[in-house]
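Chemist: My questions will all concern the structure given below.
The values are calculated or read from the model by the stated rules, or taken from the named source; none is laboratory data. Because the structure is predicted, anything quoted here is derived from the model rather than measured. Backbone-built Cβ (ideal geometry, glycine too); neighbour counts: all protein chains shown.
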Amino acid sequence: MKPKITFITRHYAPSANINGESVRDMVKYLSDKFQIESNVICINKVDDHGGANREPVGKVIRIKPIYSGQKKILRFFAFLYDGFVLTRKALKYKDTLIVCTTSPPMLPFWASLLFNKRIQWALWSFDLFPEGFNATNFISAKNPFYKWVVKQTYKNNPTFLIALGVQQAKYLEAQYQQKISTLLLPCGVLFFQNRSDKIPDWWEKDKLTLGYCGNLNDAHNPEFLKAIIDAMDPNKHQVVLALYGNKAEEVNSYAKDKPGVVLVKRVPREQLHFIDIHIVTLRKEWVHIAVPSKAVSAIFMGGTILFCGDKSSDNWYMFKEAGWFVDENEQMYQNVKQFFANLTLNSVQQRKAKTAELAKKLQNYVLDTYEDIAKRLQ
């Protein structure tokens, strides 16, 4: 019996990447509950950041990358090539439902070009490209090539969308200029994650703990973290930083030897519940283009969020009951100071009381999407 569903993605298990983990979780659920077989076409790459190592599930077809360095222009052409190779390989499985993720970045562009109307395919959005290249100032929105790529990316719409949140879904529908059947699948819902009873070395019971654990890159504002470091009271608060990404060294250097700041290589997921307030930042030019998974994981593990960005972002739209908002504007530093001036243990506990309900809602989004996809395949 031929597999009924095919996934195209950059990352997949055992690579420790949250996007690849999300694909693996769906593959396993469809296999365990519905005996639906999956093909997973991915890049042969192992990432040590952003998730947990897990055993792969399904039939995995790995494509050798042509470039693994960090030079921007070479990375761009590598993404372009990888997307083409992955999409072309998926045509071998055109008799199945093809689920095209947005990683590597140019994958949706090639899907729009190569998948005809007879192919049933879905777009599963993580970070959106080519818009991300403009958000990083890699290319101008006025550039004729960029405008052509955007036009081609949204020229041929998928059968349905899988979006990270309601706001991102609205953005995608506006890009396709039509109403498209949409499923919601937040990234970062940790179904099988236990909470450790072992107290971390960095935890202090008499202080409120803030933490940033994860990727810090072009989509995030390092100045927000610096403002928190400067404004917090080390007698009352501590900030735990476990950073990677191209802005990590900047913040680590700034935070080094600052009172109340703890720098660690990583915070295991089972210890996330020891952090009271999770720091989340998304630059305004990245709104809807990215939806940080760290906010989802924080809520799911019973924490609250301190979000700096724009209120239209899905992170704030979904979790405002369990968080605090700081606008990313010229008043950011002053607003961070005001946040700490008003911060109390009671205000944290009030927001934590909302997380169980929000976590259940997140879980239902994920399960409903899995079930819906299974029905489409039957």
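Chemist: Under 6 Å by Cβ, and 6 or more places apart or on different chains, what pairs join a residue from the stretch 256-270 that is farther than 19 Å from ALA227 by Cα with one that is of a type in the set (A, V, I, L, M) and modelled with pLDDT under 95?
Modeler: So the pair list comes out empty.
Chemist: Quick check on SER253: is it closer than 24 Å to LEU128 by Cα and among the small types (Gly, Ala, Ser)?
Modeler: Details: closer than 24 Å to LEU128 by Cα: no; among the small types (Gly, Ala, Ser): yes.
No, not satisfied.
Chemist: In the stretch 326-357, which residues are among the charged types (D, E, K, R), closer than 20 Å to ALA231 by Cβ and either part of a helix (DSSP H, G or I) or without any contact (Cβ under 8 Å) to a residue 12 or more places away in the chain (or both)? If you could, list the steps in order and put the result at the bottom.
Modeler: Going through the stretch 326-357, the residues among the charged types (D, E, K, R) turn out to be 327-328, 330, 337, 351-352, 354, 357.
With the extra rule that they be closer than 20 Å to ALA231 by Cβ, the set shrinks to 327-328, 330, 337, 351.
Across the stretch 326-357, the qualifying residues are GLU330, LYS337, ARG351.
Chemist: While we're here: Consider HIS237 carefully, then state whether it is crowded, with 19+ Cβ neighbours inside 10 Å, within 25 Å of LEU345 (Cα to Cα) and either in contact with a Phe, Trp or Tyr (Cβ under 9 Å, 6 or more places away or on another chain) or at pLDDT 95 or above (or both). Before the answer, list the steps.
Modeler: Values: crowded, with 19+ Cβ neighbours inside 10 Å: yes; within 25 Å of LEU345 (Cα to Cα): yes; either in contact with a Phe, Trp or Tyr (Cβ under 9 Å, 6 or more places away or on another chain) or at pLDDT 95 or above (or both): yes.
Considered against the rule, which asks whether it is crowded, with 19+ Cβ neighbours inside 10 Å, within 25 Å of LEU345 (Cα to Cα) and either in contact with a Phe, Trp or Tyr (Cβ under 9 Å, 6 or more places away or on another chain) or at pLDDT 95 or above (or both), HIS237 comes out as yes.
Chemist: How many residues are part of a helix (DSSP H, G or I) and touching a residue at least 12 places away in the same chain (Cβ under 8 Å) if we restrict to the stretch 171-189? I'd like the intermediate steps shown before the answer.
Modeler: Our first condition is that a residue be part of a helix (DSSP H, G or I); within the stretch 171-189, this holds for 171-176.
Remaining after also requiring touching a residue at least 12 places away in the same chain (Cβ under 8 Å): 171-173, 175-176.
Of the residues in that region, 5 qualify.
Chemist: Also: Taking the conditions exactly as written (in the same structural domain as VAL326 (by TED's automatic domain parsing) and in contact with a Pro (Cβ under 9 Å, 6 or more places away or on another chain)), does GLY245 satisfy them or not?
Modeler: On the way: in the same structural domain as VAL326 (by TED's automatic domain parsing): yes; in contact with a Pro (Cβ under 9 Å, 6 or more places away or on another chain): no.
Taking the combined requirement at face value, the residue does not satisfy it.
Chemist: Listed residues LYS294, LYS311, LYS337, LYS352; which is of a type in the set (Lys, Arg), out of contact with any helix residue (DSSP H, G or I) (no Cβ under 8 Å at 6 or more places or on another chain) and either over 30 Å from ASP95 (Cβ atoms) or at pLDDT below 95 (or both)?
Modeler: Values: LYS311 fails: out of contact with any helix residue (DSSP H, G or I) (no Cβ under 8 Å at 6 or more places or on another chain); LYS337 fails: out of contact with any helix residue (DSSP H, G or I) (no Cβ under 8 Å at 6 or more places or on another chain); LYS352 fails: out of contact with any helix residue (DSSP H, G or I) (no Cβ under 8 Å at 6 or more places or on another chain).
Being of a type in the set (Lys, Arg), out of contact with any helix residue (DSSP H, G or I) (no Cβ under 8 Å at 6 or more places or on another chain) and either over 30 Å from ASP95 (Cβ atoms) or at pLDDT below 95 (or both) holds for just one of LYS294, LYS311, LYS337, LYS352, which is LYS294.
Chemist: Working carefully through the options SER140, SER196, find the one that is assigned to a loop (DSSP other than H, G, I, E, B) and either touching a Cys at 6+ places or on another chain (Cβ under 9 Å) or closer than 30 Å to GLN271 by Cα (or both). Give the derivation first.
Modeler: Numbers: SER140 fails: either touching a Cys at 6+ places or on another chain (Cβ under 9 Å) or closer than 30 Å to GLN271 by Cα (or both).
Going through SER140, SER196 in turn, just one is assigned to a loop (DSSP other than H, G, I, E, B) and either touching a Cys at 6+ places or on another chain (Cβ under 9 Å) or closer than 30 Å to GLN271 by Cα (or both): SER196.
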